[in-house]
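Here the structure is laid out as structure tokens; the discussion comes afterwards.
Computed from the coordinates by the stated procedures, all read-outs in this text should not be read as laboratory data. Predicted model only: the values in this text are computed from it and were never measured. Every residue, glycine among them, receives a Cβ derived from its backbone with ideal geometry; neighbour counts consider all protein chains shown.
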Amino acid sequence: MKLYMFEHCSLCFRVRMITALKGLHLQEVVVLDDDTDTMVSLAGKRVIPILVKDDGAAMLESMDMVDHIDGIGDRLLTGAERPEVEALAAAILETSPPLTMPRYPLLGLPEFATVAARDHYVVRKRKVFGDFVELRAKTRSLLAELMPHLEALDGLIESTDAVNGRLSKDDVRILPLLRSAAVVEGLRFPPRVRGYFETMLDRTGFRPLPRV
């Protein structure tokens, strides 16, 4: 299997995470942010992630990819899912991008390896989120919007090994978002969230992204 991805992409990390937890081989190909031609040639449109299966077929939906990979051999994500965890994942996804998006180009990530790729990203995201410098200047107020969701998550985590006590798709929803949020210098995860984040990253073998 081959995954076309961005290093900062939380949807991509869903796929990387389940593959690592299952101990399967996955060839990772980081695409430059401005390399739309590669995406279109594989998927017919600009989209990331793209999973090319061993039979050459391309998958475009991250949770479909997770389900496909988890179905290789014995399933790992067998735990129950909780709607309140899924709702918190949605809330974190809604409030964290103004914090994370302006920081990704500062991290030296491979999808921004050229000036053209970095500029392409900045122009795209500024249309949605606004000026990056201004957003970074609002870090304190933006963190104040995010923290209640992380505090609520802290009260729901049942184990450092699985948000619901047993690995489930909720872990695939939550961990990639925490990995993204952790790039924000000054963010302090609540205790149980921090323990879960550190334990789960250790299990996957991935390191946190740089902080800025």
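Compute the whole-percent fraction of alpha carbon pairs in the range 83-204 spaced more than 20 Å apart. Value for the range 83-204: 46 percent of Cα pairs lie more than 20 Å apart. Distance between the modelled labels on Arg75 and Leu107, one decimal in nanometres: 3.1 nm (7 Å Cα→Cβ projection). Of all DSSP beta bridges confined to the chain, the antiparallel ones make up roughly 60%.
Translational diffusion of the range 147-212, estimated by Stokes-Einstein from the Kirkwood radius over alpha carbon pairs at 20 °C in a medium of 1.002 mPa s, is 180 µm² per second.
Residues Arg140, Arg126, Arg192, ranked from the fewest to the most other C-beta atoms within 10 Å, line up as Arg140, Arg126, Arg192.
Counting neighbouring Cβ atoms within 10 Å and putting the fewest first, the residues Asp70, Asp171 line up as Asp70, Asp171.
Counting charges near Cys12 (Lys, Arg +1; Asp, Glu -1) among other residues having Cβ under 11 Å from its Cβ returns a value of 0.
Between the range 110-126 and the range 8-59, what is the C-alpha centre distance in whole Å? The range 110-126 and the range 8-59 have Cα centres separated by 19 Å. Couplings 3J(HN,Hα) for the range 194-204, derived from phi with the Karplus relation 6.51 cos²θ - 1.76 cosθ + 1.60 (θ = phi - 60°), are 4, x, 5, 4, 5, 5, 5, 5, 4, 5, 7 Hz, where x marks Gly and Pro. Under conditions of 37 °C and 0.692 mPa s, the range 1-134 yields 202 µm² s⁻¹ as its translational diffusion coefficient, taking Rh as the Kirkwood radius over Cα pairs in the Stokes-Einstein equation. Applying the Kirkwood pairwise sum to the alpha-carbon positions of the range 2-70 produces a hydrodynamic radius of 11.9 angstrom.
Using a simple spin-label model with pseudo-atoms 7 Å out from Cα toward Cβ, Lys138 and Glu61 lie 3.3 nm apart.
The GluC sites (Glu not before Pro) of the range 80-185 meeting both criteria, a DSSP state outside H, G, I, E and B (loop) and at most 12 other C-beta atoms within 10 angstrom of the site's C-beta, are Glu185.
3J(HN,Hα) along the range 56-70: x, 6, 9, 10, 10, 9, 4, 6, 5, 4, 4, 5, 4, 5, 5 Hz, from the Karplus curve 6.51 cos²θ - 1.76 cosθ + 1.60 with θ = phi - 60°, whole Hz, x for Gly and Pro.
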